[in-house]
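Just so you know, all these numbers are worked out from the coordinates, no wet-lab data involved. Here the structure is a predicted model, which is why all the values come from computation and not from measurement. Backbone-built Cβ (ideal geometry, glycine too); neighbour counts: all protein chains shown.
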Amino acid sequence: MRSFCLLRTRYLLHQVFPGQSITTMQRKYSLNVCAQLLRTQGYIDGHWISAASTFPVVDPATGEEIAKVADCGPAEAKQAVDSAHKAFYTWKQYTAKERSVLLRKWFDLLTLHKEDLAKLITFECGKTMKESLAEIAYSSSFLEWFSEQARRVYGDIVQPNTRDRRILLLKQPVGVASVITPWNFPSAMITRKVGAALAAGCTVVVKPAEDTPLSALALAELAGQAGIPAGVFNVVPCSREKTPSVGEVLCTDPLVAMVSFTGSTATGKILLKQAADTVKKTSMELGGHAPFIVFDSADVDKAVAGAMASKFRNSGQTCVCSNRFLVQNGIHDHFVKKLGQAMDTELRLGHGSDPNTTQGPLINVRAAQKVENQITDAVSRGATVLRGGKRLDGSFVQPTLLVDVTTDMLCTQQETFGPLLPVIRFNTEEEALAIANASQMGLAGYFYSQDISQIWRVTEALEVGMVGVNEGIISTSEASFGGVKQSGLGREGSKYGIDEYLDVKYMCFGGLTH
Ligand code: ADP
């Protein structure tokens, strides 16, 4: 039995990684970036600091250790909070233009070092170089956008209720923000928060995900080079084991005014509870369960292209990835056939730094097992596998297309975070909307239609924070990112993102004589 399994695994590996195995990949690919950007210590008060121990960062494609990083604990987290708190009193006195200029310099440095920064992402997170470069462009765009927004924070002068008064509403930075980020966008999820925070005049302590601390530390190096003052941007990397104790400091310390988090809904709920005791502001970007609806009137080629982009980006590991595909009866077979063909020609598994690769590994074996479990469950309940269907060596999973999917299957009830594309067939618009909205999550939703009235009806009826109409990839710094229901609180990017880091102070200027 064992030898059969080994043979089978080798056969599958040969199918998807022609000419290479995990061991040959280990020999072939090694992280090679400018030493200044490969930082492995914490960054507090403008200094690189060691911790009592380290934790390993591994390349998810090969399982090879690529760095040992300082495992910061609650003491370092507290030190970072104190440093951010001290720095806040000078940083908030900078003019908006001064803050804007520094953010712009930071943006310029990210652009200058985009190749090395992208390599760090590929090696710690697994995504392809093309996607990592796109992430650096996306990540730096938030520094650029908020360097511009910094100078556009306006208060109000409003009509007073008596003749002897004038009423002003001032916008002021909230203070120290704790920023806790995930591994799937190791750079962009930091800048989307920190760009807004720094523009507003707040200082930050970042706790990056344990799988991907290197991108956060490279951002710290470049923040220092850009001249962002000591204590304004701090990074405390830590292992999975230390995370709860570090998280507790960041969410409960009275000197912290705000917690901004991107990650799973389960973790978000823990952080919300912790932040409640000291009544902190919170901004939560949590899980998604995006529907992707294809109506009979859709342009099928565009719908297929949108489905490919929306599902297989980052091997399906984004919170806005489409998770449930609802396809109307009249177009179902045509769509599924073309989608299968696109998967055959466009998707190639491998190491992210191989230019031929379009699909890297999942972040770890646990993530791959979750997808495998959803596939097994769906098949046991009557789904048919049209493409893929297997977990491979390490954390690789074959891009998988399932049809005959029903709403009782795990893959239509839980966020997948992997390359599994389940197709549910439906008859009417009402039926599609009922399925799409039958979720506690409400982050993104997508649909393809050429019927103008239907486009407005469905956009307004979908219970989500972001809608892609005839588009599969919609995130951009100019637009608001965020969800409804249990997908979160608050908005990032856009003109609204900076509001999360500002308080409104009412000034009543009284006793005026005429
Ligand atoms: P995932 O399961 O995909 O890693 P998480 O929501 O657990 O998603 O992780 C997102 C971020 O939240 C990571 O930086 C992780 O370390 C952090 N995190 C997880 N648990 C806690 C916790 N109890 N306190 C603070 N941060 C946490």
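For the stretch 319-371, which residues satisfy the criterion of being within 16 Å of the ligand (Cβ to nearest atom) and among the hydrophobic types (A, V, I, L, M, F, W, C)?
Within the stretch 319-371, 319, 320, 321, 362, 363, 365, 367, 368, 371 qualify.
Tally up the residues in the stretch 338-375 that are part of a helix (DSSP H, G or I) and either small (Gly, Ala, Ser) or in contact with a Pro (Cβ under 6 Å, 6 or more places away or on another chain) (or both), please.
5
I need the full set of residues from the stretch 232-248 which are assigned to a helix (DSSP H, G or I) and either more than 9 Å from the ligand (Cβ to nearest atom) or of a type in the set (D, E, K, R) (or both), in order please.
248
Could you check how many residues of the stretch 252-282 are assigned to a strand (DSSP E or B) and of a type outside the set (A, V, I, L, M, F, W, C)?
4
I'm checking my understanding of the structure. Among residues of the stretch 412-422 that are outside any loop (DSSP other than H, G, I, E, B) and touching a Leu at 6+ places or on another chain (Cβ under 6 Å), which one is farthest from residue 396 (Cα to Cα)?
The residue in question is 422.
Every residue, every condition in (1) in contact with a Lys or Arg (Cβ under 9 Å, 6 or more places away or on another chain); (2) within 16 Å of the ligand (Cβ to nearest atom), yes or no:
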site: 164; (1), (2): no, no
site: 171; (1), (2): yes, no
site: 175; (1), (2): yes, no
site: 191; (1), (2): no, yes
site: 196; (1), (2): no, no
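Can you find a residue in the stretch 395-402 that is within 17 Å of residue 122 (Cα to Cα) and not in a strand (DSSP E or B)?
yes
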